[in-house]
Amino acid sequence: MRTDLALPTTGTTVSVPAAAAVRNLGILAHVDAGKTTVTERILFLTGAIHRRGEVHEGTTVTDFDPQERDRGITISAAAVSCDWDGHRLNLIDTPGHVDFADEVERSLRVLDGAVAVFDAVAGVEPQSESVWRQADRHGVPRIAFVNKMDRPGADLDRAVASIRERLHPVPLAVQLPIGREGDFAGVIDLLRLRALTWPDGPGGVEGVQVVDVPEELASEAERRRQALAEAVAELHPAALEEFCATGTLGADTLAGALRQLTAEGQAVVVLCGSAYRNRGIEPLLDAVAAYLPSPLDVPPVRGDWQGAVQERPADAEQPLAALVFKVNASTTGRLSSLRIYSGTLRKGDTVLDARTGRTERIGRILRVQADRHTETDTAVAGDIVAVVGPKAARAGSTLCAPGAPLVLEPAVAADPVVTVAVEARRSVDADRLAAALFRLAEEDPSLVVGTDPESGQRVLSGLGELHLEVAVESLRRSGLEVTVGRPWVAYRETLSGTVAGLVLRHVKQDGGAGQFAHIVVDVEPLGEPGTDGFEFRSTVTGGRVPQEFVQAVAAGCRDALADGPLGHPVTGVRVTLTDGATHVKDSSDLAFRTAGRLALREALRRGGPVLLEPVVDVTATVPPDSVGGVLGDLSARRGRVHGSDPHGALGAVLTATVPLAELFGYAGALRSRTQGRGTFTTRPAGYAPAPRGQ
């Protein structure tokens, strides 16, 4: 941690730091928690920009898309770079709206750490919880920043308690706020027992002051500092030794222990401030450098080539391995954003796209500042850059050295749940529409373009109503006149009962080698109706079905999942292969794959197919006089209301699980019932049985 809090001189040329001084981090949060404002203040304080932008004015660096500025939300993850105290910070400002969660997923795949931003009044909100779980899946270490400490009702302790209760890490607050709500003036650094204040005024670089702890807060700061030392000693063996010997922990011991606990995911460091009022950003930057890992601190990336697992450390001398996580496609060219995990990438290099097997030439290497770029000749392990040249790279493609091929695991795109029909108003624009839809799907893999088999219409599927609305608006802003149909949801199906001992004998003889496969399977629900996933296992003994044919049966069952008896994809099924037989000449992978497909299809017909519909968890904040009407409306939409928590004069927070199909147009209905004062958020909750007749 820095002790002087002096800012780096702006306007100087900073050399590219070694990987140990690089921090690749994302800014994660619920919508409106202040992610973009935090990012904007970071860029200003580090000298990357010279004027602070505001979300409500549409002048921020990372929300550069016209739709983002019009709507006041982040739609697409934007990468920026800046320098702080000898460290290169590569930041990705991610969306907070649930419809754009796939952008967060792809960003987390290439990040080493993250800052989770929370509202000091609301604490952990639904989408904060969702992005936290996404970071858990990717093993990304985090620190927490409790923002908006100047708002009425702001309470750091309550926010920390909600982190502990809903996210389940050990939150370790390293600061104590000075002043409450509108009087919030600064923080006390509990590690070094000093006060950091930001006097009233325009704020900015010159605003921070390091002073002694106010006398009225001295005893409380000492108490909290001792509680922090005790909490760290309980989690960290080396810190426990010092604590037992001295009864406390030194600042350096605390900092080292907090870094290790953060990297291991055992605890999360919590800081606070008000980004809008420029308070708390400097210590947040210090915490990023002190606690979040560098590319050298994370395990070597693992990849696969022809069945062999390989590891590549973050070493510029190793063969190149880079993962493309975002593509910006336009009629004038393609820009591929990528994370370099190992090796060195130079302008003019020839690389292998391991997904397609074709070689590509790197025309330009760009350091990205949202929609602005600075050209460079070289990028090394640990860098996040953009390149011009690759023509077939997609999000998830691996670019590697041709002599050392490797396939890195891509982020998995979420399955779309909402579909609309899209048609060009003028027949002459049909080809332009097809090309524009193709570009949209290239940029956002969670958008799926297809054709309705019944009507022949071109359809666009996505993660929510807003997701598709933004995509359609992009088409219109590109000059296309389109007609959009009413949205409908993506159904799934499962089976209601168990089918035991189903025998499938596949025999085919039409000249030459025949096909023979004999299998016996048990098929049952994986869990309660709505449970997602597919499970295959074998209990065959004695070699009655060789292992290669067992794998073929599993592949055939997966083929059958694409289209069930009701015409929808199948989920929530467990298949157990219990017996079988082979023929010495006619048994083959193809025969057993066919048998597996036919067996599962027959079991689904016998087991009583159940239609499933997507459901979402709804959290609505409504004024006191509207609670009854909103509850009645949620019930009328087939919602299951879980609770109503009063928030005094602010109204109540209602929680319910509602079928997604019933929420189309809900934003307008809620505004109407609450005279414009109600708000709501949603979070995917999987699938649930749909009523008969859907």
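Listed values, structure above:
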| quantity | calculated |
| --- | --- |
| Verdict on Gly343 being of a type outside the set (Ser, Thr, Tyr) and on the phi > 0 side of the Ramachandran plot | yes |
| Exclusive hit being within 23 Å of Val417 (Cβ to Cβ), of a type outside the set (Ser, Thr, Tyr), touching a helix residue (DSSP H, G or I) at 6+ places or on another chain (Cβ under 7 Å) and open to solvent by 40 Å² or more (accessible area, probe 1.4 Å), set Pro569, Pro529, Pro565 | Pro565 |
| Conditions (1) under 31 Å from the mean Cα position of the chain (by Cα); (2) under 20 Å from Pro177 (Cβ atoms); (3) of a type in the set (Asp, Glu): number failed by Glu264 | (2) |
| Residues being within 19 Å of Asp522 (Cβ to Cβ) and either free of Cβ contacts under 8 Å to residues at least 60 places away in the same chain or out of contact with any Ser or Thr (no Cβ under 9 Å at 6 or more places or on another chain) (or both) - total across region 604-618 | 2 |
| Any pair with Cβ under 6 angstrom, 6 or more apart, that starts in region 501-528 at a residue that is under 13 Å from Leu577 (Cα atoms) and ends at one that is surrounded by fewer than 17 Cβ atoms within 10 Å (Cβ to Cβ) and aliphatic (A, V, I, L, M) | His518/Ala581; Val520/Val503; Asp522/Ala500 |
| Cβ pairs under 8 Å, 6+ apart, first in region 169-182 and without any contact (Cβ under 8 Å) to a residue 40 or more places away in the chain, second charged (D, E, K, R) | Glu181/Asp150; Glu181/Arg151; Gly182/Asp150 |
| Residue among Thr59, Thr46 that is out of contact with any Phe, Trp or Tyr (no Cβ under 9 Å at 6 or more places or on another chain) and either modelled with pLDDT of 65 or more or open to solvent by 30 Å² or more (accessible area, probe 1.4 Å) (or both) | Thr59 |
| Members of region 114-144 found to be outside any loop (DSSP other than H, G, I, E, B) and in contact with a Phe, Trp or Tyr (Cβ under 8 Å, 6 or more places away or on another chain), listed by number | Val115, Ala116, Val117, Phe118, Ser128, Arg142, Ile143, Ala144 |
| Scope region 309-321; condition part of a loop (DSSP other than H, G, I, E, B) and buried (at least 16 other Cβ atoms within 10 Å of the Cβ); matching residues | Pro313, Ala314, Asp315, Ala316, Gln318, Pro319, Leu320 |
| Residue, least open to solvent (accessible area, probe 1.4 Å), within region 322-356, restricted to residues that are farther than 17 Å from Val380 by Cβ and assigned to a loop (DSSP other than H, G, I, E, B) | Ala354 |
| Selection from region 619-641 of residues that are in contact (Cβ under 8 Å) with a residue 24 or more places away in the chain, more than 19 Å from Arg671 (Cβ to Cβ) and assigned to a strand (DSSP E or B) | none |
| Helices (runs of 4 or more DSSP H) enclosed by region 211-308 - at least 2 residues per element that are open to solvent by 40 Å² or more (accessible area, probe 1.4 Å) | 218-235, 237-246, 251-264 |
| Which numbered condition Ala661 fails, given (1) surrounded by fewer than 14 Cβ atoms within 10 Å (Cβ to Cβ); (2) not polar (S, T, N, Q); (3) not in a loop (DSSP other than H, G, I, E, B) | (1) |
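The values are calculated or read from the model by the stated rules, or taken from the named source; none is laboratory data. Note that the structure is a prediction, hence the values are computed from the model and not measured. In this analysis, Cβ positions are derived from the backbone assuming ideal geometry, glycine residues included, and neighbour counts consider all displayed protein chains. Surface accessibility is based on the protein's heavy atoms, side chains included, excluding ligands, DNA and RNA. Shrake-Rupley method; radii C 1.70, N 1.55, O 1.52, S 1.80 Å.
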